[in-house]
Every structure is written in C-alpha cells, then in structure tokens.
1. Which one of these is at pLDDT 95 or above and assigned to a loop (DSSP other than H, G, I, E, B): G330, G316, G308?
2. Restricting to strands (runs of 3 or more DSSP E) lying wholly in segment 75-147: which have 1 or more residues that are over 19 Å from the mean Cα position of the chain (by Cα) and of a type in the set (S, T, N, Q)?
3. If I ask for residues that are crowded, with 22+ Cβ neighbours inside 10 Å, over 30 Å from Y98 (Cα atoms) and not basic (K, R), which ones from segment 140-164 would you list?
4. Of all residues being surrounded by fewer than 17 Cβ atoms within 10 Å (Cβ to Cβ) and among the small types (G, A, S) in segment 100-126, which is nearest to N138 (Cα to Cα)? Just the residue, please.
5. Mind checking which residues of segment 167-222 are among the hydrophobic types (A, V, I, L, M, F, W, C), under 28 Å from Q244 (Cβ atoms) and part of a helix (DSSP H, G or I)?
6. Considering only segment 165-193, state which residues are free of Cβ contacts under 8 Å to residues at least 40 places away in the same chain and out of contact with any strand residue (DSSP E or B) (no Cβ under 9 Å at 6 or more places or on another chain).
7. Which numbered condition trips up A241, out of (1) among the small types (G, A, S); (2) in a loop (DSSP other than H, G, I, E, B); (3) more than 19 Å from the chain's Cα centre (by Cα)?
8. Could you say which residue among V137, V167, V206, V222 is touching a Phe, Trp or Tyr at 6+ places or on another chain (Cβ under 6 Å) and either among the aliphatic types (A, V, I, L, M) or surrounded by 20 or more Cβ atoms within 10 Å (Cβ to Cβ) (or both)?
Amino acid sequence: MDLKIKPAASCKYDLIALGDCMIRLSPPGHGRVEFAPSLEVWVGGGEYNVAYALSRLGLRTGWVGGLNTSPMGKLVLNHGRAVGMDMSHAVMRKYDGYGKRDRIGLNFTEVGHGKRASTTLYDRGHSATSGIKPGEVNWKKLFEEDGVRWLHTGGIFSALSESTRAVAAEAVHAAHAAGTIVSYDLNFRSKLWKSEEAIATTKPLVRYIDCLIGNEEDFEKVLGYHAEGVDVEKGELDTRAFKQMVERVVKDSKNVKVVGTTLRGVKTATVNDWSAIMWTGGRFYDGLAMPDLEIEDRVGGGDGFASGFTYGFLTGKDPQMCVDLGVAHGAMLMSTRGDTSQIELEDLLHVAGGGSARIKR
C-alpha cells in the first residue's frame, strides 16, 4: 500500500479533526419539530464525529474548531473530553451573552420514517467555528513538534465562511509538508454553498490530500465527477459506475492514495441498502454488503464509515478489513440515536468480521 503513515511512537496524536461542532435538537422518536413537546439534546459535527468515534475505539485524538464560553460551548467541550479527546486546540471566544457573534451552532433534526425523509434544519450562522481565521491555530506545533499521524477535515468546514476556507487550506498545506496523512470528506451541503463554490474551493486542495471520502453526490457537486448511468433517487446501486468515476478521479490526482465511497440505496427512511467501495494501491475493494439494513437514525452514517476505515489504516489492517470496518461502523452508528458513535471496539470487530446480531448472554 502507498499510504505511508507515521509510526505511533513518533507522534502525540493519531488523528486531529478540523471542523465545526453543533448542538443537535431532535424530537423524540420520529416526531416533527413543529409538534414536539420536548427535544433531545445531542452533540456532533461532520469532522468532530470522526475524532470522537476513534477516541472511543482507543486512539489518541483531538479536535480543532471554534467554541465560546457559554454553557452551550461547555456542553461541546465536556462531550469531547468525556471520551478522551484533546479539546485544548479549540479556538475559544468569549460569549457575548446575546448570540450576535461566535455562537455555538444549532441544528434541528427530524428522524424520518417510511417515505418521510430525515431532515436537518440549520441555525448555525455567525458561529465561533465560522469565524476562525488563518494564524489562530499553531499548526507548526501540532504537526512538527507534537506530531500528528492523520488530519481529517472536509467540505462542511470549508463551506462555512471565506475564513474557514483559508484555514482549511492552511491546515492541509501544513499537514502535507509535515508528512501527516490528510483525509478530506467532500460532504456537500446544498444549504451551505453552491456546487460551483465547492468545486472552486476544493480542487486546489486535492494535490495535498491523500484520502478522499464521499458518496456519488459529493464527488459530483464538490469535484465535478459524475457516476454515469446512476439514478440514486431510485435506490439502485451499480458499483461499476462508481468505480469508473473513481478511476477518473485518481487518474487526474496522482497524489490521492485512498478513495472511499459509500453506497446507499434508499428504500425507505428506515430501510437502506448499505455498502461501500475503496480504491487503494491500484485496485478496488468491495465492502460488506448489507441489503435491507434497518436504520434508527441515518445522520452520521458517512462519518461512521470514515471513522471505521481510518481506524483500520491507523492500526495496520489490510485494505479489505479497512473497508469492511468502515461499512460495519457506519451501519452500527446508524442503529443508535444522535450523530456521534456509541460503538465499542469489540462490537465493531464482531460485525466487521461477519458476526451476527444474535443476542449476547
């Protein structure tokens, strides 16, 4: 395999995630926000979720994002600390008592059921993370003095503001120069930016990225690659089309050493076909196939996939096990409520190895 990961003994951190983290408010069960008598409180964010999951699996992780000194900021801070994440590199802002600037973003998430899709409604404007500026994070200390084996960031962070786009570029340049593996989850969000903006921002970064992650829409909207002949709205998955798309990506970007692509066929909001493919070392690996997967809460499934296969690479697993770990972790994460992982290593290895859901006594 071409992926050259620094030895664990030479680094303080296995992985650092750069991204936003929000507070999620959801009606219990499959309720609607409009009619909710109460709301569940969860914490999560695309990049943050990966560091959180890997910390639960026993790796040394940290998170870089924006926080304020309000109780909402402390909720995020304590959530990460509870699983052992290093939160000391977060950029802190003093809470203004009003929420006019440097807020902790909110999202209201309705968990879908049947033909009613899950929906995320953002209230994340003027967040502390969106205001991070170049020069506020000491990347030299992180990557050269402390040592980081893997940096994970992505399209959600880049989409937040002009300054976060500059910080994303600053971070991936510094990580690449220090020999740190860089993964980037394309994670297109149409509510945050247009495809043209995403492509213009992301394409210059690809030369510094070792690992690209995303589904068929992400590759199209963020990098401009289309999986020919695929209609994802019909819930049909044809891996040949995805593989042809990935081959075009790696042909154009010789430095990309891993591409992970989730495959999801949406039959209903609570029943999906779920799998993934991975390209590395010049060949493809098909992940575990999970047809008719029953889902409790699909939000965070892609982050679960990214967490699982990254764990595999960081612990020296072979590529087939890496993609299987990704599929298994994504599936298990979607069996619980909330964005962040509640999965333990023993359970993950059991499912990735083909284990059943037979009751444990």
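The values are calculated or read from the model by the stated rules, or taken from the named source; none is laboratory data. It should be emphasised that the depicted structure is a prediction, and the values quoted were computed from it without experimental measurement. Ideal geometry is used to build each Cβ from the backbone, glycine not excepted, and the neighbour counts take in all protein chains shown.
1. Of G330, G316, G308, the one residue that is at pLDDT 95 or above and assigned to a loop (DSSP other than H, G, I, E, B) is G316.
2. none
3. L142, F143, V148, W150, L151, H152
4. Among residues in segment 100-126 that are surrounded by fewer than 17 Cβ atoms within 10 Å (Cβ to Cβ) and among the small types (G, A, S), the one nearest to N138 (Cα to Cα) is G125.
5. V172, A198, I199, A200, L205, V206, F219, V222
6. Within segment 165-193, R165, A166, A169, E170, H173, A177, S190, W193 qualify.
7. Exception for A241: condition (2).
8. Exactly one of V137, V167, V206, V222 is touching a Phe, Trp or Tyr at 6+ places or on another chain (Cβ under 6 Å) and either among the aliphatic types (A, V, I, L, M) or surrounded by 20 or more Cβ atoms within 10 Å (Cβ to Cβ) (or both), namely V222.
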